[in-house]
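These notes concern the structure reproduced below.
The values are calculated or read from the model by the stated rules, or taken from the named source; none is laboratory data. The structure displayed is predicted, hence computed values, not measured ones. Reconstructed Cβ throughout: ideal geometry from the backbone, glycine too, with neighbour counts over all protein chains shown.
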Amino acid sequence: MRIATWNINSVRARTQRAIDLMAKHNLDVMCLQETKVTDGKFPAAAFHDAGYHVAHHGLNQWNGVAIISRDEPEDIRVGLPGQPGFHKDPTKEQTLEARALGVRLRGVDIWSLYVPNGRELTDPHYQYKLAFLYAAARYAESHSRGKLLMAGDFNVAPTDGDVWDIGAFRGKTHVSEPERAAFDMLLEAGLRPLEHTEPYTYFDYKGARFERGQGMKIDFLLASASLPTGQAFVDVAERAAEGTSDHCPLVAELDVTDFDSVR
């Protein structure tokens with residue numbers, strides 16, 4: 001099975017780019033984050049016309065996650081068990097956001113996750129981010145003996161080498177010890193990141209970060225031990241294209257023998 005994860009940063013702005021990526025990499029599955037659209041306005045028809053099935057969870061113009069696949073997905077699940085909600089006012093209802101979508105495809109439990117950004121270390125969004133990662137880790141711990149893949153934008157750089165200059169990130173989100181410890185809980189639960197030689201998956205639009213090679217590694221494909229995997233790579237060429245997302249697609253091979261891909 002060929003699978004990719006990509007924070008598309010608005011699916012309506014990049015529908016054709018996503019379809020072209022499916023063809024370019026001969027993908028069986030693509031997990032999208034930050035679709036920024038409600039279910040009713042998701043451009044499903046364009047993907048259907050290209051021969052793909054769509055599972056999408058979007059509530060408004062923010063967040064949003066999708067899984068595009070050649071085969072029709074089974075057991076579509078909206079939201080992680082125990083997923084926290086958020087409202088900047090802690091006295092108000094903490095509303096669930098569109099940040100997690102799971103499907104089953106030929107025996108593989110696949111999730112598209114868009115972990116909260118955290119904003120600032122003192123912002124309530126930071127504690128929300130940690131709680132979301134804890135919920136993901138609890139799910140991984142209870143399902144890691146099966147074929148589980150958690151894909152997405154985790155908004156955590158696990159090591160100092162996963163950012164272009166750790167000095168520029170001191171005292172900020174994405175590199176704090178609590179965030180890294182929460183990410184490590186996913187690994188302790190039995191998941192492992194599919195490794196690649198390219199150092200970064202995200203380059204900010206500001207400051208000509210891409211042109212300067214100043215990026216971050218915050219997008220991951222995390223697989224359970226029982227899920228055989230092959231090579232992974234970052235499609236840096238997509239980030240170099242005009243009008244694309246600030247994230248690169250991350251592509252990998254899964255050795256799922258019972259997945260009969262339609263070519």
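Of the residues examined, E97 is one that is charged (D, E, K, R), closer than 14 Å to Y128 by Cβ and surrounded by 14 or more Cβ atoms within 10 Å (Cβ to Cβ). Looking only at residues of region 1-21 that are in a helix (DSSP H, G or I) and out of contact with any strand residue (DSSP E or B) (no Cβ under 8 Å at 6 or more places or on another chain), we find that the one that is nearest to K147 (Cα to Cα) is I19. Summed over region 22-39, residues that are among the aliphatic types (A, V, I, L, M) and assigned to a loop (DSSP other than H, G, I, E, B) total 2.
In the set V65, V11, only one residue is under 14 Å from R99 (Cβ atoms) and in contact with a Phe, Trp or Tyr (Cβ under 7 Å, 6 or more places away or on another chain); that residue is V65.
Pick out, from region 190-242, the strands (runs of 3 or more DSSP E) lying fully within it that include 1 or more residues that are of a type in the set (D, E). Before the answer, list the steps.
Values: elements: 191-193, 219-224, 229-234.
It comes to 219-224.
Among residues of region 64-92 that are at positive phi, those with a Cβ under 7 angstrom from a residue that is in a strand (DSSP E or B) and surrounded by fewer than 18 Cβ atoms within 10 Å (Cβ to Cβ), sequence gap 6+ or separate chain, pair up as D75/R104.
Restricting A131, A140 to residues that are buried (at least 20 other Cβ atoms within 10 Å of the Cβ) and closer than 25 Å to L32 by Cβ narrows the list to A140.
Okay, residues lined up against (1) within 30 Å of R70 (Cβ to Cβ); (2) charged (D, E, K, R); (3) touching a residue at least 24 places away in the same chain (Cβ under 8 Å); (4) surrounded by fewer than 21 Cβ atoms within 10 Å (Cβ to Cβ):
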{"position": "A168", "(1), (2), (3), (4)": "no, no, no, yes"}
{"position": "L191", "(1), (2), (3), (4)": "yes, no, yes, no"}
{"position": "H196", "(1), (2), (3), (4)": "yes, no, yes, yes"}
{"position": "K217", "(1), (2), (3), (4)": "yes, yes, yes, no"}
{"position": "L221", "(1), (2), (3), (4)": "yes, no, yes, no"}
{"position": "L227", "(1), (2), (3), (4)": "yes, no, yes, no"}
{"position": "L250", "(1), (2), (3), (4)": "yes, no, yes, no"}
{"position": "L254", "(1), (2), (3), (4)": "yes, no, yes, no"}
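The one condition from (1) assigned to a loop (DSSP other than H, G, I, E, B); (2) over 30 Å from L21 (Cβ atoms); (3) at pLDDT 95 or above; (4) of a type outside the set (S, T, N, Q) that A98 does not meet is (2). Scan region 148-161 and give yes if some residue there is touching a strand residue (DSSP E or B) at 6+ places or on another chain (Cβ under 7 Å) and assigned to a helix (DSSP H, G or I), otherwise no. No, region 148-161 contains no residue that is touching a strand residue (DSSP E or B) at 6+ places or on another chain (Cβ under 7 Å) and assigned to a helix (DSSP H, G or I). Out of D123, D160, one residue alone is over 24 Å from G230 (Cβ atoms), surrounded by fewer than 20 Cβ atoms within 10 Å (Cβ to Cβ), of a type in the set (D, E) and without any contact (Cβ under 8 Å) to a residue 12 or more places away in the chain. It is D123. Going by the conditions given, is D28 among the acidic types (D, E) and in contact (Cβ under 8 Å) with a residue 12 or more places away in the chain? So D28 fits the description; yes. Screening Q61 against (1) surrounded by fewer than 21 Cβ atoms within 10 Å (Cβ to Cβ); (2) under 20 Å from M150 (Cβ atoms) leaves a single unmet condition, (2). Restricting Y134, Y139, Y128 to residues that are out of contact with any helix residue (DSSP H, G or I) (no Cβ under 9 Å at 6 or more places or on another chain), closer than 18 Å to P178 by Cα and assigned to a helix (DSSP H, G or I) narrows the list to Y128.
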